[in-house]
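The values are calculated or read from the model by the stated rules, or taken from the named source; none is laboratory data. All values reported here derive from a predicted model rather than from experimental measurement. Because the Cβ atoms are built from the backbone with ideal geometry, glycine has one as well, and the counts that use them run over all protein chains shown. Ligands, DNA and RNA are stripped out before the accessible areas are found, and what is left, the full protein with its side chains, is counted by its heavy atoms. Shrake-Rupley method; radii C 1.70, N 1.55, O 1.52, S 1.80 Å.
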Amino acid sequence: MSVTTARIMRPDDANIVGNVHGGTILKMIEEAGCIIGTRHCNTQPGDRCAAQLARVERTDFLYPMFIGEVAHVSAEITYTSNHSVEVQVQVMSENILTGSMKMTNRATLWYVPFSLKDVGKVTEVPPIKYANPEQEEEGKKRYEAQKMERLETKERNGEQLMPVSAPDRASKEPYTVGFSQSSLIHLVGPSDCTLHGFVRGGVTMKLMDEVAGIVAARHCKTNIVTASVDAINFHRKIMKGCVVTVSGRATFTSNKSMEIEVFVDADPLIEAEKEKYRAVTAFFTYISLDKENKPLPIPALKLEGEEDQKHFEEGKARYLQNKAKRLADKQRQQ
C-alpha cells in the first residue's frame, strides 16, 4: 500500500529569501504518513480508528526546496507490529519550468492506531505481506530499536524548560545559550487536531521547526535552513484546548552546523487538576547560507557554566556519531 500527495510551494511556506521551511516539509511528510497509516489500519472489520504519530526517525534535508517548486510526497508501509505501523516517506521537488526533479528528504515514521469510539484504546494493526522473511526480520529490528530509544529519551527529558522573555535576552552576551534561547506559545484549536481531538504530529513538528529556526537565526544573524532532525519522540498526546509552550536552546556548534534542542510542553488549560507535562522532544540541526546558498561558518557557542558544557559535550557526541554514520553509508554506496 502506498500514497502520493503533491503541492506547490507558496510564499508563506518559505523564509524571506525563498527557502521552504523545514517545518513545512515535515508537516507534509506527516500528513502523507497519517493518510496511509489510517487507511491501512481500517482495512479489517472492527473499530474504526485513526493513526497517531509516535515517532519520527532522523530526517536529513538533502537539498533546499524553493517557492514555486512542487513537492511530491510518497509514503509506503514497510512494517507492522501488533499495535504500530512503520511508514517510509520520500520527498521529491519538481521545478515546473524545467521539469527537473530531485530528492530532498527521506523519513521513517511510526504510528499507533487509536479507536474512534474509545479514545484511549489502541486497536490491532492488520499485518502486511513481506517480499521475503529477511524483510520482515529487518523491520522487526527497526521496531525494537525505536521502541528502546523512545523509552530512553522519555526518561532523559523529564526537566521543564521555562520560556525566556525578550528583556532577559537584552542582558545576555551574543552567542551564548541564553541570548538565542526562544519560546513560542500556541493555543491548540480544532484545525490543529485529528478526529480524536489530538494535535496532529505535523502541526507540532512545524511549530518546533519555527522555534528552532528562530534560535538559529538569532545566533547566526544570516539565512539559515534546516539540515536534519534527529528522532522526534511523541511521549504524550496533546488535546484540543491545551496551551503548548515550544522552547528551543542551542546545545552545540561545529564549524558548519548548529544543534538546537526543542521541547514541547502541554498545559491542559480547562482541566485545572491536570499539570503541565513534557509531550515532545527532538534535536534540530541548522546550517547558515550566503546569498548563493553556500554554507557559511557558524559562530562558536559561548558556554556559561556546567549545564551548558554538559549539553555541548552530549551534542558533540551526537555530531560525531552522525558524521561517522554518514561516512559509512557513503562508503557502502560506492
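Descriptive notes on the structure:
- Residues considered: Lys237, Lys323, Lys316. Of these, the only one that is under 20 Å from Gln181 (Cα atoms), out of contact with any Leu (no Cβ under 8 Å at 6 or more places or on another chain) and basic (Lys, Arg) is Lys316.
- Of the residues making up segment 44-102, those that are part of a strand (DSSP E or B) and small (Gly, Ala, Ser) number 7.
- Filter result for the condition that a residue is over 30 Å from Asn293 (Cα atoms) and of a type in the set (S, T, N, Q), over Thr245, Thr253: Thr245
- Of all residues assigned to segment 268-277, none qualifies as being over 13 Å from the mean Cα position of the chain (by Cα) and crowded, with 21+ Cβ neighbours inside 10 Å.
- Ile238, sole failed condition from (1) crowded, with 20+ Cβ neighbours inside 10 Å; (2) touching a Lys or Arg at 6+ places or on another chain (Cβ under 9 Å): (2)
- Pairs linking a residue in segment 121-150 that is more than 13 Å from Ser81 (Cα to Cα) to a residue that is of a type in the set (Asp, Glu) and open to solvent by less than 90 Å² (accessible area, probe 1.4 Å), with Cβ atoms under 8 Å and 6 or more positions apart or on different chains, are Lys121/Asp47.
- Among the residues of segment 292-307, those identified as surrounded by fewer than 18 Cβ atoms within 10 Å (Cβ to Cβ) and touching a residue at least 12 places away in the same chain (Cβ under 8 Å) are Asn293, Pro295, Leu296, Pro297, Pro299, Ala300, Lys302, Leu303, Glu304.
- Every pair of residues 6+ apart whose Cβ atoms lie under 6 Å, when the first sits in segment 314-334 and is touching a residue at least 40 places away in the same chain (Cβ under 8 Å) while the second is of a type in the set (S, T, N, Q) and in a helix (DSSP H, G or I): none
- Checked against the criterion of being touching a Pro at 6+ places or on another chain (Cβ under 9 Å) and open to solvent by 30 Å² or more (accessible area, probe 1.4 Å), segment 192-215 contains not a single residue that satisfies it.
- Filter pass, Gln135 being of a type in the set (S, T, N, Q) and more than 25 Å from Lys323 (Cα to Cα): yes
- Annotation for segment 274-290: at least one member residue is assigned to a loop (DSSP other than H, G, I, E, B), under 30 Å from His196 (Cβ atoms), of a type in the set (D, E, K, R) and without any contact (Cβ under 8 Å) to a residue 60 or more places away in the chain.
- Segment 198-238 - residue that is among the acidic types (Asp, Glu) and under 8 Å from the mean Cα position of the chain (by Cα) and, of those, modelled with the highest pLDDT: Asp209
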